[in-house]
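The values are calculated or read from the model by the stated rules, or taken from the named source; none is laboratory data. Since we're looking at a predicted model, the values are computed, not measured. Glycine also receives a Cβ, built like all others from the backbone with ideal geometry; neighbour counts cover every protein chain displayed.
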Amino acid sequence: MLMRYTHPKLQFTHALPYGALIHDHGVQFVVFSRSATAMRLLLYDAVTDTDPVDVLHLDSQTDRWGDIWSVFVPGIEAGQLYHFQADGPHDPAAGQWFDGQARLIDPYAKALAGRFQSGSDDIIRPPKCVVVEDYFDWEGDRHLRRELSETVIYETHVRGFTNSPTSGVEHPGTYLGLIEKIPYLQSLGITAVELMPVHEFPIHDVGGNAVNRPNYWGYDPLTFFAPHRGYAACDQPGAQVREFKQLVKALHQAGIEVILDVVFNHTCEGNERGPVLSFKGLENRVYYMLDNGGSRYRNYSGCGNTINGNHPIVREMIFNCLRHWVHNYHVDGFRFDLASILSRNQNGDLVPNAPVVNAIAEDPLLADTKIIAEAWDAAGAYQVGSFGVDERWAEWNGRYRDEVRGFWRGDVQTLGSFATRLSGSSDLYECAGRAPHCSINFITSHDGFTLNDLVSYRDKHNQDNGEDNRDGENHNLSDSYGAEGPTCNKIVESLRVQQIKNILTTLLLSQGVPMLLSGDECRRTQRGNNNAYCQDNATSWFDWTLVDRHSDLWRFCRHLICFRRRQPTVRRQQFLTGHASQPGMLPDVSWYSAEGGPVDWNGRPALVCLLTRPTLAQDPNGSGSDLLFLLNATGDPREFVLPPPAAGFRWREFIDTAAKPPRDIFPEADGPLLKPAQPQSLAYRSSRVYVAQD
């Protein structure tokens with residue numbers, strides 16, 4: 001048992017910050033509740049304790065400051081386990097869910113320990129909160145502050161990246177396991193990892209789901225300030241805090257930034273049928289958007305409830321949380337899941353200049369961080385191109401994903417949209433004064449098909465999720481090219497690899513910021529499952545044998561990333577105009593038909609693009625090269641005639657997606673010399689890229 005002072009508790013007059021704050025002789029506990037009539041602090045000695053060893057009753061006269069309850073407990077220290085317990089009105093019809101028997105997680109808890117427990121009283125006992133010491137020897141580590149335009153993002157899952165037995169790491173499925181794979185990330189050339197949620201979430205559903213599916217992805221928050229305990233190699237309470245900091249420091253030492261996927265749109269407490277675990281039992285009407293007089297939860301997240309992000313109390317919590325991860329964990333940025341919910345007021349209406357959205361963009365402590373919105377929600381909001389209308393906000397560009405997919409599938413009338421996406425999506429961002437780097441370009445993400453499955457399945461195959469294949473996106477813009485799923489047909493397999501290379505070439509040579517899904521560089525498959533949120537198994541885990549089995553594709557992707565990072569021509573600071581910057585010069589971008597003439601934008605998907613290097617006035621790093629793209633997304637071979645403006649260059653081949661390795665990519669862009677007078681024959685569904693020689 002932890003030793004405690006026996007004299008009466010000391011009276012500290014300060015009531016902020018929230019959470020558990022360590023002092024020289026004890027710990028201050030601070031929690032917000034406006035409607036509570038009584039508050040108790042439950043203290044435990046061990047993770048396995050079913051019941052507390054001490055219960056402290058806060059005095060509403062001396063331990064309450066406005067709506068803040070605050071008590072100092074002497075004689076305890078880091079590692080102390082605790083819950084809150086609150087009395088108050090229990091009136092679900094009016095949105096009040098106080099339950100004096102419920103053990104409540106501190107919304108500001110910095111770590112949790114243990115699992116959900118069931119007692120003899122049938123009350124759910126959630127994981128215990130842990131008092132955490134923030135000190136860590138960072139050895140001078142600071143944010144890397146890489147420009148967003150210079151960034152190549154790699155979206156991955158902490159557990160899934162190393163949990164397969166094929167990973168060969170000492171600590172599979174953990175923060176430390178990911179550290180062991182940093183050399184792989186360095187060799188691939190990415191500059192930032194975007195980690196799927198690492199804040200605390202239930203390991204299994206807690207909302208009464210009879211199937212009890214694993215909560216693999218983590219998009220079901222339990223508390224926002226604590227790293228997930230399930231990714232720690234050590235089972236000591238609070239070990240996840242230290243280990244996650246070790247991960248961030250190690251990635252920074254390798255020159256790789258850390259972007260966290262944060263879910264400020266709902267919690268795992270669900271709707272009116274869900275459990276009382278934290279927010280519900282402290283101030284339900286503040287933390288959630290309610291409807292029907294408070295008896296129902298507005299559900300813009302598709303997960304049962306919606307965080308009331310523009311309420312001042314909740315807005316303050318979000319800011320404190322973001323600052324916590326930036327200051328205490330040195331993370332470099334955030335991707336906001338279903339961010340359009342942050343644009344909704346307390347009535348659920350979408351509003352311009354939402355307070356929380358603007359404040360995140362202007363927050364001084366976040367000024368060095370990257371902030372990225374998934375600019376839609378589950379209730380029909382779609383704000384791609386208009387989220388925040390501030391250059392501080394970048395966006396997952398859903399239109400890029402869909403329109404590039406459609407082009408390479410060979411869909412009709414995709415030429416114009418494809419050209420716009422390749423050029424940086426000026427139609428979405430330029431009118432608001434934003435830059436090309438505001439577009440986070442992606443073809444695949446955790447949510448949907450992997451790149452391999454995008455070209456291997458026409459339909460989703462989610463039967464293993466236990467929902468009769470009803471879940472997951474139906475509009476995938478995918479194709480199987482003759483055989484659904486794995487096949488021994490060499491022609492089909494060859495075409496699939498070719499399509500993967502076409503898509504990777506487009507993604508990594510487009511204006512904007514590319515995001516690569518973990519494993520797409522080596523054909524990771526989910527066997528056609530496009531919603532693997534509950535698949536904590538080989539379906540979702542990174543199979544490390546694929547790196548060797550598809551080493552030619554891995555090499556192709558690696559050299560593409562390397563080329564992008566040294567080529568300002570595809571990383572412009574300003575949008576392409578289609579005009580020459582000076583008399584006598586060629587336009588910065590020009591488009592031609594396969595015949596070398598004007599483009600019929602309603603024609604078949606075959607296109608030539610001439611991209612000239614930026615001048616020093618356009619880009620201080622303007623040492624790039626002129627590039628020529630020949631793109632044939634049709635189902636037939638095509639003859640391409642070099643347009644007259646390109647004839648004055650000396651072109652060497654960089655990429656031919658239809659060629660056999662290693663001639664599919666020339667890392668130094670020193671491939672065969674292009675003969676301007678000779679038509680170029682491109683295989684169906686293939687592309688070539690040439691680089692001008694000075």
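Key figures
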item: Filter result for LEU508 (aliphatic (A, V, I, L, M), at pLDDT 95 or above and out of contact with any Pro (no Cβ under 7 Å at 6 or more places or on another chain)); result: no
item: Breaking point among (1) in a helix (DSSP H, G or I); (2) buried (at least 21 other Cβ atoms within 10 Å of the Cβ), for VAL492; result: (2)
item: Only one of ASN292, ASN284 that is over 27 Å from the mean Cα position of the chain (by Cα) and at positive phi; result: ASN292
item: Hits in region 145-165 (condition: over 28 Å from PHE563 (Cα atoms) and either in the same structural domain as GLU77 (by TED's automatic domain parsing) or touching a residue at least 60 places away in the same chain (Cβ under 8 Å) (or both)); result: ARG159, GLY160, ASN163, SER164
item: Check on ILE76, touching a strand residue (DSSP E or B) at 6+ places or on another chain (Cβ under 9 Å), β-branched (Val, Ile, Thr), surrounded by 15 or more Cβ atoms within 10 Å (Cβ to Cβ) and farther than 23 Å from VAL241 by Cβ; result: no
item: Verdict on ARG323 being buried (at least 23 other Cβ atoms within 10 Å of the Cβ), within 30 Å of GLU133 (Cβ to Cβ) and among the basic types (Lys, Arg); result: no
item: Verdict on ARG242 being in contact (Cβ under 8 Å) with a residue 24 or more places away in the chain, among the basic types (Lys, Arg), surrounded by fewer than 20 Cβ atoms within 10 Å (Cβ to Cβ) and outside any loop (DSSP other than H, G, I, E, B); result: yes
item: Any chance ASP67 is within 25 Å of ASN284 (Cβ to Cβ) and surrounded by fewer than 22 Cβ atoms within 10 Å (Cβ to Cβ); result: yes
item: Scan of region 295-313 for residues that are small (Gly, Ala, Ser), within 27 Å of the chain's Cα centre (by Cα) and surrounded by fewer than 22 Cβ atoms within 10 Å (Cβ to Cβ), ordered by number; result: GLY302, GLY304
item: Subset of region 573-591 (residues that are under 20 Å from VAL689 (Cβ atoms) and either in contact with a helix residue (DSSP H, G or I) (Cβ under 8 Å, 6 or more places away or on another chain) or in the same structural domain as GLY410 (by TED's automatic domain parsing) (or both)); result: LEU576, LEU586, SER590, TRP591
item: Failed condition for SER278, given (1) closer than 21 Å to LEU16 by Cα; (2) in contact with a Gly (Cβ under 9 Å, 6 or more places away or on another chain); (3) of a type in the set (S, T, N, Q); result: (2)
item: Residues satisfying the stated conditions in region 162-208, i.e. in contact with a strand residue (DSSP E or B) (Cβ under 8 Å, 6 or more places away or on another chain) and in a loop (DSSP other than H, G, I, E, B); result: ILE190, THR191, MET196, PRO197, VAL198, GLU200, ILE203, VAL206
item: Residue check for ARG142: out of contact with any Phe, Trp or Tyr (no Cβ under 9 Å at 6 or more places or on another chain) and not assigned by TED's automatic domain parsing to the domain that holds GLN28; result: yes
item: Filter result for THR223 (within 16 Å of the chain's Cα centre (by Cα) and crowded, with 20+ Cβ neighbours inside 10 Å); result: no
